[in-house]
Amino acid sequence: MFRSTFMALMVFASAQAIAGDKGVTPTEIRLGASAVLSGPLGAQTKEYGVGSRLYFDAVNADGGVHGRKISYTTLDDAFDVKRAVDNTRKLIEEDGVFMIFHSTGTAQTGAILPLLQETRTIAFGPVTGASAFREKVNPYLFHVRASYANEARRIISQLKQTGISRIAVFYQEDGLGKTLQSELRLAASAENISFVAEIKGDPAKPDFKAAAAATEQAKPQAVIVATAGATFPNYVKAVQQTGAKPGFYGFSVASVDVINRELKQDARGIILTQIMPSLRNTTIPAVAEYLKLLREKSPEARPSASQFEGFVHAKLLVEGLRRAGRQLNTDAFIKAMEGAGDISIGRFVAKYSPQSHNGSTYVEMAIIDNEGQLRY
């Protein structure tokens, strides 16, 4: 009785220990993610996937990674936390993915962490900059993009240097918005700055007219828009219809493509943090490579900062897969990444060690110019 129970427990433990490894076969590496593919954030998130697949397709066309082709499946969660968990469980338990790659959302990332721990499945490059995920090393979580704290400090520093003191914050009352608001408060406190107003929006039923009226009443010189997707330009559009004339600042999660599409010429002058190098800097090999592959796929395709972010995430992942060697599994990947040190893509550097999986701290400020392009 004792022996049979012990053996059953050993089999269960072994199954749990290798749950994330069944996505590696002699010919394939299966990746997957629950992502926001519909709703206000959908257009931007789809661009991440376009960039990632652009690089994966190029790698596959060249023989893959140690002879294995990369497949990548994304399931829509429409920014719903429960759906994100259900999707991730399906990807791991039914689809047998090796890794969760480039999933989206702060609350969603927090919600899937217990599942990753339970199944020993790695999440690489989730689209979140929340500090809570970076303060302690999680062996199954690897970041790529800079943290929201890095971005918040850069925005506040820029405003202080330019002498702007009347600053308001608009945030959507969801996981992302509240996280960005918190990081901005910390950054402002460190610089002895107080906000003249903190205006929140309801993610389910946003009232942009009311938010714009509150902004006008606060008379800010600048508004930091702590949100993403269509919410960003919809709020800006509403404020521009009032008598208020603030400058607008945003985080890298705000898509310049969505902003341009919704605001057109009224987008010029908006300032966004960027956590990837400029697409205008073709002296950076990764930029040149992305632009070349994009032109080869479709000569009419328009380069996108969101696409390039997905491209860089994919490039870093493939570097890790290659370093893990032919005997690829979860432990081999973790060991390879923790021994990677600095991985440089031009001025963009991601750092990994046993003490930190935080990736990059690269942040620059960019302004939308008259052509709708980001000028660093």
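The values are calculated or read from the model by the stated rules, or taken from the named source; none is laboratory data. All figures in this text were calculated on a predicted structure; none of them were measured in a lab. Every residue, glycine as well, gets a Cβ built from its backbone with ideal geometry; the counts of neighbours run over all protein chains shown. Note: areas computed on protein heavy atoms with side chains; ligands, DNA, RNA excluded. Shrake-Rupley method; radii C 1.70, N 1.55, O 1.52, S 1.80 Å.
Observations
- In this structure, the amide hydrogen of V127, modeled 1.01 Å from its nitrogen in the peptide plane, lies closer than 5 angstrom to those of S103, T104, G105, counting only residues at least 5 positions away or on a different chain.
- Difference of contour (0.36 nm per residue) and Cα-Cα distance, K22 to N138: 39.6 nm
- Evaluated at q = 0.13, 0.14 Å⁻¹, a Debye calculation over the C-alpha positions of the chain (equal weights, vacuum) places log10 I(q)/I(0) at -1.03, -1.18.
- Pairs from the table (K46/K351; K69/K335; K90/K351; K292/K315) lying more than 24 angstrom apart at Cα are K46/K351; K90/K351.
- A straight Cα-to-Cα reach below 27 Å connects K219 with the lysines K160, K178, K200, K205, K209, K237, K245, K264, residues fewer than 8 places away in its own chain not being considered.
- Sites A78 and T283, calculated FRET efficiency, Cβ-Cβ separation with R0 51 Å, nearest 0.05: 0.80
- Note on Q265 and A61: the extension gain reaches 69.4 nm, defined as 0.36 nm multiplied by sequence separation minus the Cα-Cα distance.
- Placing pseudo-labels 7 Å out from each Cα toward the beta carbon at S356 and Q161 gives an inter-label distance of 2.1 nm.
- For a label point 7 Å along the Cα-to-beta-carbon line of K219, residues of the range 141-166 with backbone N under 12 Å: 166
- For G229, residues with placed amide H under 5 Å, excluding near neighbours: S255
- Annotation: amide H-H contacts under 5 Å for S252 (H modelled 1.01 Å from N, sequence separation of 5 or more, or interchain): T273.
- Carbon and sulfur %, accessible surface of the chain computed with the full protein complex present, 1.4 Å: 52
- Between the Cα long axis of helix 305-324 and the first principal axis of the chain there is an angle of about 30°, rounded to the nearest 10.
- Degrees separating the helix 285-297 axis from the principal Cα axis of the chain, which is the longest one: 80
- Nearest-ten-degree value, helix 231-240 long axis tilted from longest Cα axis of the chain: 0
- With 10 Å bins beginning at zero, the pair-distance distribution over Cα atoms of the range 209-364 amounts to 10, 30, 27, 20, 11, 3, 0 %.
- Per-residue 3J(HN,Hα) values for the range 276-283, derived from phi via the Karplus relation 6.51 cos²θ - 1.76 cosθ + 1.60 with θ = phi - 60°, read 10, x, 5, 6, 7, 8, 6, 6 Hz in sequence order (x marks Gly and Pro).
- Accessible area per residue in Å² at 1.4 Å probe, computed on the chain: 43
- Cα gyration tensor, the range 42-87 - rounded (a/c under 1.5), prolate or oblate: oblate
- Rounded, prolate or oblate (a/c below 1.5 giving rounded, otherwise prolate when a/b exceeds b/c) for the range 160-280 by Cα gyration tensor: rounded
- Between the range 175-209 and the range 32-86, the C-alpha centres lie 30 angstrom from each other.
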